[in-house]
Amino acid sequence: MGRDVFYITTPIYYPNDVPHIGHAYTSVAADFVARYHRLRGEEVVHLTGVDEHGLKLQRAAEAAGMDPQAWVDSIDPKWREVWARLDIAYDDYIRTTEPRHEAAVRKILQAVHENGRGDIYLGTYEGLYCVACEAYYTEDDLKDGNCPIHGRPVEVMKEENYFFRLSAYADRLLEHYERNPSAVQPDARRNEVLSTIRGGLKDFSVSRTSFDWGVRLPWDEKHICYVWFDALTNYITAAGYADDPQRFARVWPANIHLMAKDILRFHAIYWPAMLMAAGVEPARQVWVHGYLLVGGEKMSKTKLTGIHPFQLTDHFGTDSYRYYFMREISFGQDGSFSWESMTERHNADLANGLGNLASRVLAMLGSYFEGSVPEPVVDGAEADLPTVVADVVCRYDEHMLAVQLQQGLAAVWEIVARANHYLVEKEPWKLAKDDSKRGEVASVLYASAEVLRILAILIRPIMPGAAERLWEQLGVELPLASQQVPGAVAWGGLAPGTKTTKGAALFPRLES
Ligand code: MSP
């Protein structure tokens, strides 16, 4: 097919406040996956952004005494600042108030409206609305009379709406998911989606007349496009749906829409049906991770349990932050954060694990070889290190392609553990006392430095800063950014004579 773009998205976030570590969880995961695909030499588009329309935003602006546009303009930098600090290397950042997005929303609305099947029709809606979700609920959906997600009161809304004939898409959706068994992951989420579809789908309204902060329907300007219809469209806006057909043909369909389970039905039911109705292919995969919990409940701003990422990065650093969340929680399951477990991971895996390996090897290269990588001369001195590396490289790749992020990192740390153990076995510091063992010391340190070179390449997607620092200490001349898997991680790539330096510790130990 000749399509070689890997297109991954995060949800676009409601910017009615600053992000918390729950939002950052999605973005770090997307960035880790995106960077891994770049490491494989693929062209990657990682899209993120903010969802700036809708009643929730209009009310937040009112509460702040500001016009909605001025309000969203003032908040947006607070989100970008967080992504910059967390080293989120997105390729495109969308704000739904941008003209390119408005054009795409009007185009998809028009396409569905004119598809000849009457998929958009006028009706009246009376229902219970949760403004925080921007979604209607039935009495049955409520938990103790409140929104099942936010636990807050819902509002009775009655208005003339245009509806989208979702009910007509059940069979096509089922067929789509049968033909593409991995289109929703993990499998438990796929089963949930299938049973919702089999349980029957209700049409949903795609317009509102009770407020005006949004995109006007092209054929009836009294109506404002429903914020979810507007927001979901961001994924095709950025791919060039309205303004760049060539790019759209190359980039769309997205490979992965990443998100937490709260918004699964919008992505796995509404969105593919909207696209089908507009004559556009659905995304290839919706990947659903769990919640970050606080006290057993989803961390949220509404419940005042949100922790700002800077509260953690200031103490642990960006690399450790990124590593912790991806290594600690099984991707797809809910997980809890604690200061203690974060400190433990930092000290065990980073300070004592990788950091200690690097500092020991670089210090010995300095003391015994004046910081110049020696020639390996003793056959077999590298023991099983090349085999361990090759095996991990292979498994890391499989895990990352399957978005098994925790297992991917666990695999890479098998190299760290093996290499630390190798030093204990070989004891180069003892061998160095005996001049006749110089060749063996050289060979052991060559192998250890080679492991560091390979590790720097492998950890770059998760810890870009630490990888770069390690690379500099190793003194390899080629830029780290030019190194790709699997070619660059083949054993023996480190050139003897490379000038190493023992710089600052990669990960200083933290007090518990
Ligand atoms: N604006 C909508 C998404 C529109 S996408 C077309 C929205 N925004 S949100 O800001 O409320 O949440 C976005 C996403 O942030 C969630 O789906 C989820 O991926 C992530 N998370 C927010 N809180 C989270 C946790 N406590 N834990 C894990 N992820 C969390 O929904």
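The values are calculated or read from the model by the stated rules, or taken from the named source; none is laboratory data. In this text the structure is predicted, and so the values were computed from the model without any measurement. As a convention, Cβ positions derive from the backbone with ideal geometry for all residues, glycine included, and neighbour counts pool all protein chains shown. All accessible areas refer to the heavy atoms of the entire protein, side chains included, with ligands and DNA or RNA removed. Shrake-Rupley method; radii C 1.70, N 1.55, O 1.52, S 1.80 Å.
Below are the figures for this structure:
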| read-out | value |
| --- | --- |
| Some residue of the stretch 425-432 being closer than 24 Å to G41 by Cβ, open to solvent by 10 Å² or more (accessible area, probe 1.4 Å), in a helix (DSSP H, G or I) and not hydrophobic (A, V, I, L, M, F, W, C) | no |
| Test: residue in the stretch 45-62 that is within 13 Å of the ligand (Cβ to nearest atom), part of a helix (DSSP H, G or I), farther than 19 Å from G214 by Cα and at pLDDT 95 or above | no |
| Lone qualifier among S443, S436, S448 - being within 26 Å of D319 (Cα to Cα) and hydroxyl-bearing (S, T, Y) | S448 |
| Per-region count, the stretch 4-42, residues modelled with pLDDT of 95 or more, in a loop (DSSP other than H, G, I, E, B) and away from the ligand (no atom under 14 Å from the Cβ) | 3 |
| Wholly enclosed helices (runs of 4 or more DSSP H) of the stretch 214-330 bearing at least 2 residues of a type outside the set (A, V, I, L, M, F, W, C) and either within 9 Å of the ligand (Cβ to nearest atom) or surrounded by fewer than 22 Cβ atoms within 10 Å (Cβ to Cβ) (or both) | 234-237, 245-251, 309-316, 318-328 |
| Long-range neighbours under 7 Å by Cβ, at least six apart or interchain, first residue without any contact (Cβ under 8 Å) to a residue 60 or more places away in the chain and assigned to a loop (DSSP other than H, G, I, E, B) within the stretch 144-157, second surrounded by 15 or more Cβ atoms within 10 Å (Cβ to Cβ) and of a type in the set (G, A, S) | C147/A132 |
| Breaking point among (1) open to solvent by 80 Å² or more (accessible area, probe 1.4 Å); (2) under 14 Å from V361 (Cβ atoms), for E477 | (2) |
| Residues of the stretch 194-213 satisfying the condition of being within 16 Å of the ligand (Cβ to nearest atom) and farther than 24 Å from Y14 by Cα | none |
| Which listed residue is part of a loop (DSSP other than H, G, I, E, B), surrounded by fewer than 20 Cβ atoms within 10 Å (Cβ to Cβ) and out of contact with any His (no Cβ under 6 Å at 6 or more places or on another chain), from R80, R106, R117, R100 | R117 |
| Verdict on W219 being farther than 22 Å from D51 by Cβ and aromatic (F, W, Y) | yes |
| Condition check for T302: farther than 23 Å from D31 by Cα and either touching a Gly at 6+ places or on another chain (Cβ under 8 Å) or polar (S, T, N, Q) (or both) | yes |
